[in-house]
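Down below is the structure, laid out as structure tokens.
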Amino acid sequence: MELKDKVTCIKGIGEKTAGNLAKLGISTVSDLIHYYPRTYITYMDPVDIQDIQADERQAVSVTLNSRVEVKKLRGFSIATAYAKDYTGTIKLTWFNCPFLRNYFHIGDRYIFVGEVKYKNGMYTMSQPEYYTVPKYQEILKEWQPVYGCTAGITSKTIQKAVKGTLPLIQTLSDYIPEDIRDEYDLMRANEAVTHIHFPDTENHLRAAIKRVAFDEFYEFIENMHSLKEHDTVKYNQAKIPFTEQVTGFIESLPYRLTGAQMDAVRDIMADMNSEHVMNRLVQGDVGSGKTIVAAIALFACATQGYQGVIMAPTEVLANQHFKELTGLFEPYGIHVTLLTGSMTAKEKREAYQEIAEHRADVIVGTHALIQDKVEYDNLALVVTDEQHRFGVRQREKLSLKGGTPHVLVMSATPIPRTLAIIMYGDLDISVINELPAGRIPIKNCVVDESYRPKAQAFIRAEVKKGHQVYVVCPMVEESEALDDVANVVEYSEELSQKLDSSIHVAYLHGKMTGDEKNRILTDFYEKKVDVLVSTTVIEVGINNPNATVMMVENAERFGLAALHQLRGRVGRGNLQSYCIFISGKKNKEVMERLNVLADSNDGFYIAGEDLKRRGPGDFFGIRQSGDVLFKMGDIYKHADMLKAASDVYEKYGSRIRTEFDRSVAARNEMYGKPIL
Ligand SMILES: Nc1ncnc2c1ncn2[C@@H]1O[C@H](COP(=O)(O)OP(=O)(O)OP(=O)(O)O)[C@@H](O)[C@H]1O
């Protein structure tokens, strides 16, 4: 077996499983080895029913004392059973698992594991995992990986598949030599990969995660430096001055720029007119007005006869920028062109032509912008939005397309300056630390589920005022058979019934096409939709100043930084806005953590508190930030590894570069596809 082989070469993986794995982006052995668990869980000793702590994940060892009843419900099915021990009875329910009817036997003992709720006078577990007693003994107290799954694939299938590759994993080489590993206390690369998939002890797992995070950071730092070197040695061939026309454009805006926005504009303009090409990061809290700063840079560029591009992480955002920039630029005869993956072949061809013939001055798009077919004419500026969603190489590729254009990165992730310097080397940074005038601070509340009817009444009242609402619907547990889509559909139906019939509720989820999402969002912008229910991720950067309420269900399952991003979707105009965080758990620790959000609306403060409050248990938890740049590494949780990677780069970078390059090249080759 080799890394580049198809997964079907692994014993037990047939075409059907391979097809399902492909949906997760796993086609080769290498893809599989590098498909890391999303989180880890341990199993605990069962408790007596009378000692159950509600709202916690617990195990009970009980005897089934009823048949499994299966009820059909609007396209779903619910299986219910009862079980008891000598201290009490517990109710068990599962969605869409009708087969369980024939699985359990009355009178047999099973172990059920899951979160327990106290409902209608009885402890209830929804969607519990189930084990026979001997099976449970095997996994008790071991760390179990939980992989991101899709229909037809369970965590267990993935783990079994990885098991088949263990002999190969043992032979993987390590670009970090032993002496450096010892100095920085790094686990060997192949051991780390083994423990990531098959953790035995907590210490090994911890060390393995650290090593993988280290590698991700190291690669990032290497790339950042090569990008930076590549840029700085190049002379600025597209000097763009801060002309009267640019000043006129700024003055014509319907609002005055904040001092911080103006400072960022000055930094950018000074860079673009200097001897070297620009490589600047603009960091600003949610809603601080980064888009207009980018727009001014693009305007300056276009009025000097150059092309500029702005690349967004999603189609929805690309469309939003396209509309906004078209409105701003068309009066000046600056033509804006859109290029996204979901456009028809004909539309794309037209866009390519407009770009090549320089009829397009500013180009807005997604990944489609970096495809080989796109020929720019005099490209001088590349703006990437939410840089965390982009790999460095993608930006590098885009940069290379236009010779050496200026690079401007916009980010709302509040990275402390010290971390930013480690991550980006000497990339220049402008910070927008001021919100536009007239913004009213968001009012926050952290409540438990019993408050939901009141929250719904509040939503009704806000809609009556002509305002709009976002609802992030409850998260589906990894183990639940119900998927995100079914969940969001069902949740919005229920919400719609609870609200007034005149209130229009629509929903968004990740499986919709770009077109469908755009249609819903356009309806939302045009106020045809009052309440927008979404799965966990409301697209970063959505801007609808008329939305005044953000209600987040299961807020306890998000990191504070992610909740802050969600909150940033409201309070973007001059209307009083509200954020309602509904926690599925009432315990003190959870409430205290969530109350950090109620205390402050400042992203930097929240990121700091988030870091402070993470206990050691969080180390293995689901990643906190929404970024996908690192699969395992989290710049907050693994800040020590980020520092170690930076030190190793400084001290030993040149010594290990050849081996490092070889390992990256081998991996790229084995992926069997280009990195983009
Ligand atoms: N100086 C200003 N005065 C008033 N309104 C402004 C100002 N600058 C920007 N805005 C408006 O504020 C809103 C938010 O701006 P923008 O979308 O650029 O935020 P952002 O920094 O990109 O935030 P996020 O990271 O949340 O996407 C927009 O409606 C924009 O028109």
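For the stretch 297-358, what is the convex hull (Cα atoms) projected area averaged across all directions, in square nanometres? Present the calculation step by step, with values, prior to reporting the outcome.
Values: hull surface 17.1 nm².
Its Cα hull, projected and averaged over all orientations, spans 4.3 nm².
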If the only charges are +1 at each Lys and Arg Cβ and -1 at each Asp and Glu Cβ, what is the size of the charge dipole of the chain around the Cα centre, to the nearest 20 debye? 1660 debye
Would you mind calculating the gained length between Lys588 and Ala54 on full extension (0.36 nm times residue separation, minus the Cα-Cα distance), in nm to one decimal? 190.9 nm
Sorted by chain and then number, the residues having a modelled amide H within less than 5 Å of the amide H of Ile442, at least 5 places away or on another chain, are none
Rounded to 5, the percent of DSSP beta bridges in the chain classed as antiparallel: 40 percent
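Using the Cα centre of the stretch 443-600 as the reference point, and only Cβ charges (+1 on K/R, -1 on D/E), how large is the resulting charge dipole? Debye, rounded to the nearest 20. Walk me through the numbers on the way to the answer.
Values: 20 positive and 23 negative charges, 156 e Å.
Computed about the Cα centre, the dipole is about 740 debye.
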Dipole of the stretch 443-600, positive end: most advanced residue of Gly514, Ala547, Val472 [Cβ charges, Cα centre]: Ala547
As a footprinting exposure proxy, order Glu2, Glu115 by other Cβ within 10 Å, with the fewest listed first. Glu2, Glu115
Compute the distance from the alpha-carbon center of the stretch 81-138 to that of the stretch 274-316, in whole Å. 55 Å
What does the C-alpha gyration tensor say about the overall shape of the stretch 443-600? Classify as rounded when a/c is under 1.5, otherwise prolate if a/b is larger than b/c, or oblate. rounded
Can you sort Asp285, Asp640 from fewest to most other Cβ atoms within 10 Å of each residue's own Cβ? Asp640, Asp285
Gyration tensor verdict on the chain (Cα atoms; rounded if a/c is under 1.5, prolate if a/b is larger than b/c, oblate otherwise): oblate
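Report the calculated FRET efficiency for Leu253 and Lys511 (r = Cβ-Cβ distance, R0 = 30 Å), to the nearest 0.05. Numbers along the way, then the final one.
Working: r = 38 Å, r/R0 = 1.26.
Taking R0 as 30 Å, the efficiency between Leu253 and Lys511 is 0.20.
Could you list Glu434, Glu178 in order of exposure, starting from the residue whose Cβ has the fewest other Cβ atoms within 10 Å?
Sorted ascending by nearby Cβ count, the order is Glu178, Glu434.
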List the chymotrypsin sites (Phe, Trp or Tyr not before Pro) within the stretch 247-330 that DSSP assigns to loop and that have no more than 11 neighbouring Cβ atoms inside 10 Å. Tyr255
Lys/Arg Cβ at +1, Asp/Glu Cβ at -1, dipole of the chain taken about the Cα centre: which of Gly584, His276, Gly603 is farthest positive-ward? Gly584
Two-site label geometry, Asn543 and Glu142: point separation in nm, points 7 Å out along Cα→Cβ: 5.2 nm
Mind checking which of Pro436, His406, Thr340 is farthest towards the positive end of the chain's charge dipole, using Cβ charges of +1 (Lys, Arg) and -1 (Asp, Glu) about the Cα centre? Thr340
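Among the listed pairs Lys348/Lys517; Lys135/Lys160; Lys23/Lys141; Lys135/Lys156; Lys511/Lys631; Lys11/Lys210, which are separated by more than 23 Å between their Cα atoms?
Pairs exceeding 23 Å: Lys23/Lys141; Lys11/Lys210.
Using Cα pairs under 8 angstrom and six or more residues apart, how large is the relative contact order of the stretch 443-600, in percent? Could the numbers behind the result be given before it?
Details: 260 pairs, mean separation 53.0, N = 158.
Computed over the stretch 443-600, the figure is 34 percent.
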Quick check on the chain: helices-only [θ] at 222 nm, where DSSP H runs of length 4 and up contribute -39,500 (n - 2.57) each and the sum goes over total residues. Nearest 500, please. -12500 deg cm²/dmol
Percent RCO, i.e. relative contact order, over the chain, from Cα pairs under 8 Å lying at least 6 residues apart: 14 percent
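For a quick protection proxy, order the peptides 559-569, 651-661 by their average other-Cβ count within 10 Å, most packed first. Intermediate values should be presented prior to the final figure.
Numbers: 559-569: 23.6, 651-661: 13.9.
Top of the packing list down: 559-569, 651-661.
Throughout, read-outs are computed from the coordinates displayed, never taken from laboratory work. In this text the structure is predicted, and so the values were computed from the model without any measurement. Quick reminder, even Gly has a Cβ in these numbers, built from the backbone with ideal geometry, and neighbours come from all protein chains shown.
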